[in-house]
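The values are calculated or read from the model by the stated rules, or taken from the named source; none is laboratory data. These figures come from a predicted structure and were not determined experimentally. No Cβ is skipped: glycine too gets one built from the backbone with ideal geometry, and neighbour counts run over all protein chains shown.
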Amino acid sequence: MSPLLEKWKDYFQKPDRITRRVFVAAKGCCAIEVENLIASTYDIQRLGIDFVQDPRSASLMIVSGWIDDSFADEIIENYAYLEQDKKVVAVGICSVAANIFYTEKKIRLADLVPVASYIPGCPPRPEAMIQAILNLDVPAKKTKKMTYLSEVMKSNG
Amino acid sequence: MSIVKRGNLKNSWYLPAILSGLGITFKNMILNLFGKRKMLTLNYPEEKYEYSPRFKGSHVLTVKKDGSIRCTACMLCATNCPADCITIIASEHDDPSVEKYPIAYEIDTLRCVYCGFCEEACPVDAIRMGPEWQMPGINGANFVHDIRQLAKRPNLKGGVVSVLDEEERHKAGI
Amino acid sequence: MAVQYLTEHYDDKDFVSLKGYKAKGGYKDLEKAFKLKPKEIIEMVKASGLRGRGGAGFPTGVKWSFLPDNGEERFLLCNADEGEPGTFKDRLMMEKAPHQLIEGMLISAFAINSKKSYIYIRGEYEYVAVILEKALKEAYDAGLLGKNILGSGFDHDMDVYRGAGAYICGEETGMISSLEGLKGQPKLKPPFPAIKGYLGKPTIVNNVETLAAVKYVIRDGVDAFRKYGTEKSAGTKLFSVSGDVQKPGNYEVPLGYPLKDLIEKECGGLLPGRKLKAVIPGGSSAPVLNAEEAYRATMDYECLAEMGSMLGSGAVIIIDDSNCMVDLLHVILHFYHHESCGQCTPCREGTGWIEKLSRKIVSGSGRLQDIDLLDKVAQNMKGRTICALSDAAALPTISFVAKFRDEFEFFVREGRSKVKGNIYAQSAH
Amino acid sequence: MPKVHINGKEIEVAEGTRLIDAFLQNQEEIAHYCYHPGLSVAGVCRLCMVEIEGNPRPQIACNTIVQDGMKVTNKSESIKESVKWVLDFHLINHPLDCPICDQAGECELQEQYMKFGQYDPEMGERKVKKRKVVDLGSKIVLDTERCILCSRCVRFTDEVTKTKELGIFNRGDHAEIGTFEDKPLNNNYAVNTVDICPVGALTSKDFRFKQRVWYLQDKETICPGCSTGCSVKAYYNEKGYFRLKPAFNEDNNGYWMCDEGRALYRHANKEERLLQAQVKADDGSSHMAPGAATKKLAAEIQGLDKQKVAVVVTGQYTNEEYDQLISEWLKPAAIQQVYHWKNKEDEWGDFDGLLLRRDRNPNSKGLQDRLQKASLVNDWSQLEKNLEAGQVDCLVVIGPEIQAYYDDMQDKLKLFQKAKKVIWLSSNPVENLVADYHIPMKTYLEKDGTFVNYSGKEQKIQKMQNIVSQALSLSDFAYLIAGKEIPLTGAAS
């Protein structure tokens, strides 16, 4: 088989494609790292994960940045709109532990919504975010070189 | 004040600008189609970056030559930490030349902002920021890393030996 | 010219015993003193310009006049500790003429009206202590000590107290602490011993030679005593000369006697074929004089002080060009580091530091800045402690480094001594 | 009153004060190690050098007495240089132990180096090595390498406790502090040497490696150990109390405190406290909140005949609490049987010559006066008679906060069993206590108030860190038992 055909098959073969749609509620410095996920270096669309604007069509929510009152309401509202097996990923310390800035009111994400996966770091590396999303479920797109989740976890220690 | 250039053909008409933009996009598409190796994307689970030692990743508690923890529980890192995420419990070591060592040294990675202040504050190079990036975990995983995790985790291969060792210091008479 | 004033009958064998001493006119001056009033004796000693022979050179009469006359019990202590390296004159005097010292002390005790006195002798002078004790027993039997001496109604007891070999107990208050049974450490001054000394009572501490000279002030009167010596430093002084001379030993010369003559005439000049390099005029704690200064110097308090050194205890150490000054400084500093009593921080840590620095230079691994550091540490050690031991360690260091810097730099650059070849590079003491 | 010019300022000082006192009284910074106002002058650290006009050599300030018209300065260049160098001499043989030394944070070497030193050290030689971690008995650890030989501890054991246990051995820079053949240093004031030691040479075993000093805050209070009422500083943070140190109190304890008093912080920590009220219900004792338990108790004893109710009080609470107790409960409820529990009253007279008195209650005089004023003084034998006769329906024992000194506790417990209902109030659990109600109380560190010491002097204590916030103070108990609500201001909150 000519390399061209092989390349063609590689890209356009018909996977049982389930696109994992993600709604992003990112704020602050971690938002820039979250944007990296759809940029060219750490492109997660090759894993079948796509960012969408509307929470109703997403089943995974990424939250990052310092949670103040207005942002808290927004998170709760968007969480309600998520599809049925909804999961939330907390990115960075501000949303997880809200401890670094001395304001009188400290809201942690866990106080608002049930959080599925935490990513420590300030800001965490994009690989950590990809790893966090992969931890949550079986990857949407099966490419032939994709090693299964368990091996990935083991190698990472 | 902005300098306004007017009148010449190139920028009074939009088409050349659009075409040059699209040109770049196509150039990259063609390149990526055929030159897969030069592509920028890191296929994360299979390929991984090797970060430089300067990278402020997850902590490493260095060890002495004989394998025991180099930290003397002087609490300077816990004091210097802006996020108060280090808790240390010190106790007496039976060897009088060591005298004090930590029986518990915990870093709450969910509070730590990885700023490296602890590394700067440590007088004896007992704690370092390793090149591995911060490991995420599902809810309920153990984020509070203790001595076993910080110093003896598998990929440290037996612990990182501290640069500043006591024996030389005592021999040199300091 | 060497004089036989104090040391008149030293070569006579039985001058040691009381009988021989009395035959040569002994204890007559005591009777003469009993006739005078104590105040008059103090005035005579003050007028005679007699200065302390131990090291400080403080006028004896003035020291006696500090005593408060509040009727409190007084003590007279004779400082025969002689710890200063290079000094051996007191041993000669006590060995040859113990009664001379006893009579001098009796006259002084009568002058300051003290009932009790001690002779604090150096621990190592064991046989001299035996001689002294024998002389004291003779004096007691002859009624010259104890109650109602010679019918004058003045009673006085005298004892010999042996030290334990610490240099620091040569210092006034160090000796007093040792006598009181405490650790031999100097006491805080003010309150000076004349006001609050031994057991808190007024105490006068004088050197052996000073007390012996008091007898001659009484015997010959002030102007006969002033015949010897210069206007400001009167009387004669015993110098214990040691080092590279033909005939080292004790020589009694009038104060103001030129050092050049002391070396050439009295001591028979240098060893053949050697040239003079330096002279330590007053014991190891005196700053050193180089050859040119030594030939100009005269042996009295004022001239040596002007030259930046001091007469001290009169131990002249002659150094010729075959000695290495760096090694000599290391030996001196090792002595002071070992003898520092450790009470005050500048001296306790400073002597240790400069000794380590000098050992480093002597072992050839020194650096050029170590020489400046040696000087800087010494400068900052002196003048900051309770007693003068830190000055005694610092002053020689400063003078050695200042006057013989080339030898130090040679040692640093070459790693061996300029004079003694490379035998010193390895064998640091 | 002699006048002195210190660094240009004209100051009037009392006759015969030392120059260093004149400096310290007027907040003039002067470096010093061996001088301690409570001890004699040693003049060995040579740091407090000052220049006096008309005196060629700089003099040490601690040994010079102030004369009229003296012009003194310690800010001149040569003095600054001299202090720098003498500090350097102190530090050249000092080991690099700051990470493992307990004194770090309050060490005089650190502080005075930052204030006066700030030089760059040039010492490159080998330091003198001495003995480390020498065990001096159960209370103190000695490290002779850190010692700067300021001889404060030696003078302390010579002059204050007069036991002469510590001394300086060897000579020169090999000199070491220590006891004869490392005999334990365990007189009752030994840990004072740890406070006056400017460096980490003497550290206390009780506080060894427990907590870093800069994590602790401190406040002044009165030691409840005995009736002397020494003023003390308690060191605490949100985790609890860590140690007690003496505070200067001119006429009472000067700069010292006894070692038994030093342990009086442990009973306030969470591990040893009674956290919940224990109420003996019919199905075995159940835990309740202190306030609720008291209210339940108040309802129960409402109907009882007040003559049959007896109250035993110990002298370990504050004056305000006693006033509230009497005015809120005893007086309105007309309870006559109030007894002052004095343990070993006959020995109360003896005194150990320095600070410790046998009357181990801080406020027995205050209680005595108040009972006299309210004419509630009854003889202890009267209580025993009533108990034997079984007339006591309800016995409220306001128990001692510090039980260590109540060694007759067990037979008193047996005596108290005779009452029908026993109510015990104390901050710590009591060994094999059988009581219907055991209500936790606040310790002396968690409430404001005043103690009256043996000589009748009133001294204040301050509220610090609340360990058991629900615990009641005696006045809260009085309000609740009398059926009232605790007033919002909270008499002794």
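Before moving on, here are some points about what is shown:
- Per the listing B:ILE138, B:ILE147, the residue uniquely in contact (Cβ under 8 Å) with a residue 60 or more places away in the chain, within 23 Å of B:CYS85 (Cα to Cα) and touching a strand residue (DSSP E or B) at 6+ places or on another chain (Cβ under 9 Å) is B:ILE147.
- Candidates in the range B:122-145 are the residues that are of a type in the set (A, V, I, L, M) and under 16 Å from the mean Cα position of the chain (by Cα); of these, the one that is nearest to D:LEU96 (Cα to Cα) is B:ALA126.
- Checking each residue in the range D:415-441 for being surrounded by fewer than 15 Cβ atoms within 10 Å (Cβ to Cβ) and modelled with pLDDT of 90 or more picks out no residue at all.
- Qualifying residue in the range C:65-81 (condition: surrounded by 15 or more Cβ atoms within 10 Å (Cβ to Cβ), over 30 Å from C:PHE335 (Cα atoms), under 23 Å from the mean Cα position of the chain (by Cα) and basic (Lys, Arg)): no
- Take the conditions (1) assigned to a strand (DSSP E or B); (2) within 14 Å of chain C (Cβ to nearest Cβ); (3) not acidic (Asp, Glu); D:THR203 misses just one of them, which is (2).
- Residue match in the range C:178-187 (condition: hydrophobic (A, V, I, L, M, F, W, C), more than 28 Å from C:TYR257 (Cβ to Cβ), in a loop (DSSP other than H, G, I, E, B) and out of contact with any Pro (no Cβ under 7 Å at 6 or more places or on another chain)): yes
- Some residue of the range D:17-32 being assigned to a loop (DSSP other than H, G, I, E, B), of a type outside the set (Val, Ile, Thr), under 23 Å from C:LYS189 (Cβ atoms) and touching a helix residue (DSSP H, G or I) at 6+ places or on another chain (Cβ under 7 Å): yes
- Qualifying residue in the range B:45-53 (condition: in contact (Cβ under 8 Å) with a residue 40 or more places away in the chain, part of a loop (DSSP other than H, G, I, E, B) and either more than 14 Å from every other protein chain (Cβ to nearest Cβ) or within 30 Å of D:ASP102 (Cα to Cα) (or both)): yes
- Residue match in the range A:85-94 (condition: over 14 Å from the mean Cα position of the chain (by Cα) and closer than 30 Å to B:CYS81 by Cα): yes
- The residue of the range D:222-276 that is surrounded by the most Cβ atoms within 10 Å (Cβ to Cβ), among those that are more than 19 Å from D:SER204 (Cβ to Cβ) and β-branched (Val, Ile, Thr), is D:ILE222.
- Residues that are of a type in the set (D, E, K, R) and without any contact (Cβ under 8 Å) to a residue 24 or more places away in the chain within the range D:332-359 comprise D:GLU345, D:ASP346, D:GLU347, D:ASP350, listed in sequence order.
The rows are residues; the columns are (1) under 19 Å from D:GLU321 (Cβ atoms); (2) more than 20 Å from the chain's Cα centre (by Cα).
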| position | (1), (2) |
| --- | --- |
| D:ILE423 | yes, yes |
| D:SER427 | yes, no |
| D:VAL434 | no, yes |
| D:LYS442 | yes, no |
| D:GLY449 | yes, no |
| D:TYR454 | no, no |
| D:LYS457 | yes, no |
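- Identification of strands (runs of 3 or more DSSP E) wholly contained in the range D:419-493 with 2 or more residues that are in contact (Cβ under 8 Å) with a residue 12 or more places away in the chain, touching a Gly at 6+ places or on another chain (Cβ under 7 Å) and of a type in the set (S, T, N, Q) yields no element.
- Helices (runs of 4 or more DSSP H) wholly inside the range C:291-397 that include at least 2 residues being under 28 Å from D:GLU176 (Cβ atoms), within 14 Å of another protein chain (Cβ to nearest Cβ) and among the hydrophobic types (A, V, I, L, M, F, W, C): C:325-339, C:345-362, C:368-381
- Only one of C:MET44, C:MET94 that is surrounded by 24 or more Cβ atoms within 10 Å (Cβ to Cβ) and in a helix (DSSP H, G or I): C:MET94
- Number of the condition not met by C:ILE332 [criteria: (1) farther than 23 Å from C:ASN79 by Cβ; (2) buried (at least 20 other Cβ atoms within 10 Å of the Cβ)]: (1)
- Only one of the listed residues (C:LEU6, C:LEU30) is assigned to a loop (DSSP other than H, G, I, E, B) and of a type outside the set (Lys, Arg). That residue is C:LEU6.
- Just so you know, in the range C:291-319 the residues that are closer than 20 Å to C:ALA392 by Cα and β-branched (Val, Ile, Thr) include one that is farthest from the chain's Cα centre (by Cα), and it is C:ILE319.
- Any hit, the range C:270-292, residues being under 30 Å from C:GLY61 (Cβ atoms) and of a type in the set (Asp, Glu): no
- The single condition from (1) assigned to a loop (DSSP other than H, G, I, E, B); (2) facing another protein chain (nearest Cβ under 9 Å); (3) buried (at least 18 other Cβ atoms within 10 Å of the Cβ) that B:LYS56 fails is (2).
- Filter result (of a type in the set (Val, Ile, Thr), under 36 Å from the mean Cα position of the chain (by Cα) and not in a loop (DSSP other than H, G, I, E, B)) within the range D:298-340: D:VAL311, D:VAL312, D:VAL313, D:ILE326, D:VAL338
- Answer residue from the range B:145-174, given it is assigned to a helix (DSSP H, G or I) and of a type outside the set (D, E, K, R) and is surrounded by the most Cβ atoms within 10 Å (Cβ to Cβ) among those: B:ALA151
- Scanning the range D:342-364 for residues that are crowded, with 22+ Cβ neighbours inside 10 Å and not polar (S, T, N, Q) returns D:LEU355, D:ASP359, D:ARG360, D:PRO362.
- Criterion: buried (at least 23 other Cβ atoms within 10 Å of the Cβ), at pLDDT 90 or above and over 16 Å from C:LEU311 (Cα atoms) - qualifying residue of C:VAL253, C:VAL208: C:VAL208
- Counting only strands (runs of 3 or more DSSP E) that sit wholly inside the range D:229-290, those with at least 2 residues that are modelled with pLDDT under 90 are D:277-281, D:284-288.
- The range D:63-177 holds helices (runs of 4 or more DSSP H) entirely within its bounds, and those carrying 2 or more residues that are among the aromatic types (Phe, Trp, Tyr) and facing another protein chain (nearest Cβ under 8 Å) map to D:77-92.
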